[in-house]
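The values are calculated or read from the model by the stated rules, or taken from the named source; none is laboratory data. The structure displayed is predicted, hence computed values, not measured ones. All Cβ positions, glycine included, derive from the backbone under ideal geometry; neighbour counts span all protein chains shown.
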């Protein structure tokens, strides 16, 4: 009798009714819930050795990461579905996180939880309405109306996700980077460009004009384009992958994004402005008013971007990288860059004093 009941249960599981869905359908889906930030990273935030959508990724994902970590809980949540090879695919997106967060905090163990015991592998049963059918790169979206325990289930009905997405954002090719790698590349290029190269070029233009053969101009004209190219690449990475300007829940993200946009616009404008500069007077000819205005504009914007906006942006950026440890590394890198820039300024100031003393 027991064997017969077991066979019946196995048969019922194997023959679960699969239902195709359309926009507007009321559905029920049960499975692991994971934040899009960790999915897009390619590896778990708190266990970077584990690939996000591997066979053990969802079960190893901590409740703490899901509900306590700002960049995780503020990103969209998705329901994962296990595939035949054991790995997981992205089956559904959720339109809102609030009900999931409330349920996870009730059953989970974390800083903001209510005394539950579950530490990893959060699962639940989601009830809601299909809002869209997704695409090859984006799972279909559910308008969440209720969240229940995973054991509640969907009564033997399996609603087929119309667009299973297998890409976690992890890199497999030379030019395909994980989300975390994109953040690191963006930050590194920005610190090297706006933290070292561009301010060094400004300092050299300001303090090395005593050198012969237009030394300052040659160096300035070489360093600044390199710095702009590097920061432009970092800017494109940010525009294509990050949504700092759209983050209304964390003002620091918006501040970083807005200041970054302004600074990059100034940075791109500066070489164009330099190409269109009015001619420099020769001999005893006085500077024209337009030349004087241009010099004030070019120098003023350069000082503003390199010595006011850029340091603010870099400091803000160190507080929004995924982990405090990464932030500390970039703070040290920025500090070293600042010391080098100051060192360049001191070198040319002393060099000027040495040359004038010997005359």
Residues of segment 272-290 satisfying the condition of being surrounded by 13 or more Cβ atoms within 10 Å (Cβ to Cβ) and closer than 21 Å to residue 218 by Cβ = 273, 274, 277, 278
Which numbered condition residue 143 fails, given (1) out of contact with any helix residue (DSSP H, G or I) (no Cβ under 9 Å at 6 or more places or on another chain); (2) buried (at least 17 other Cβ atoms within 10 Å of the Cβ); (3) in a strand (DSSP E or B) | (2)
Take residue 45 and decide whether it is surrounded by 19 or more Cβ atoms within 10 Å (Cβ to Cβ), touching a helix residue (DSSP H, G or I) at 6+ places or on another chain (Cβ under 8 Å) and part of a loop (DSSP other than H, G, I, E, B).
-> yes
Which residue pairs have Cβ atoms under 6 Å apart, sit 6 or more places apart or on different chains, and have a first residue in segment 117-142 that is on the phi > 0 side of the Ramachandran plot and a second that is in a loop (DSSP other than H, G, I, E, B)?
-> 134/163
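Is there a residue in segment 232-250 that is loosely packed, with under 14 Cβ neighbours inside 10 Å and either more than 30 Å from residue 37 (Cα to Cα) or touching a strand residue (DSSP E or B) at 6+ places or on another chain (Cβ under 9 Å) (or both)? Spell out the reasoning first.
Initially, segment 232-250 is screened for residues loosely packed, with under 14 Cβ neighbours inside 10 Å, giving 236, 240, 243, 246, 248-249.
Filter once more, so that each one left must be either more than 30 Å from residue 37 (Cα to Cα) or touching a strand residue (DSSP E or B) at 6+ places or on another chain (Cβ under 9 Å) (or both): none.
Among the residues of segment 232-250, not one is loosely packed, with under 14 Cβ neighbours inside 10 Å and either more than 30 Å from residue 37 (Cα to Cα) or touching a strand residue (DSSP E or B) at 6+ places or on another chain (Cβ under 9 Å) (or both), which makes the answer no.
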Segment 58-72, residues that are in contact (Cβ under 8 Å) with a residue 40 or more places away in the chain and under 21 Å from the mean Cα position of the chain (by Cα) | 61, 62, 64, 66, 67, 68, 70, 71
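Residue-by-condition table, conditions (1) in contact with a strand residue (DSSP E or B) (Cβ under 7 Å, 6 or more places away or on another chain); (2) surrounded by fewer than 12 Cβ atoms within 10 Å (Cβ to Cβ); (3) modelled with pLDDT under 95:
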site: 304; (1), (2), (3): no, no, no
site: 317; (1), (2), (3): no, no, yes
site: 327; (1), (2), (3): no, no, yes
site: 333; (1), (2), (3): no, no, no
site: 337; (1), (2), (3): no, no, no
site: 344; (1), (2), (3): no, no, no
site: 352; (1), (2), (3): no, no, yes
site: 356; (1), (2), (3): no, yes, yes
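Any residue that is within 23 Å of residue 50 (Cα to Cα), under 27 Å from the mean Cα position of the chain (by Cα) and surrounded by fewer than 14 Cβ atoms within 10 Å (Cβ to Cβ) - is there at least one of those in segment 95-103? Break it down stepwise before answering.
So in segment 95-103, the residues within 23 Å of residue 50 (Cα to Cα) come out as none.
No, that holds for no residue.
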What number goes with the only condition from (1) more than 25 Å from residue 70 (Cα to Cα); (2) under 28 Å from the mean Cα position of the chain (by Cα); (3) surrounded by fewer than 19 Cβ atoms within 10 Å (Cβ to Cβ); (4) modelled with pLDDT of 90 or more that residue 112 does not pass?
-> (1)
Qualifying position, being assigned to a helix (DSSP H, G or I) and either touching a strand residue (DSSP E or B) at 6+ places or on another chain (Cβ under 8 Å) or in the same structural domain as residue 251 (by TED's automatic domain parsing) (or both), among 154, 110, 72 = 72
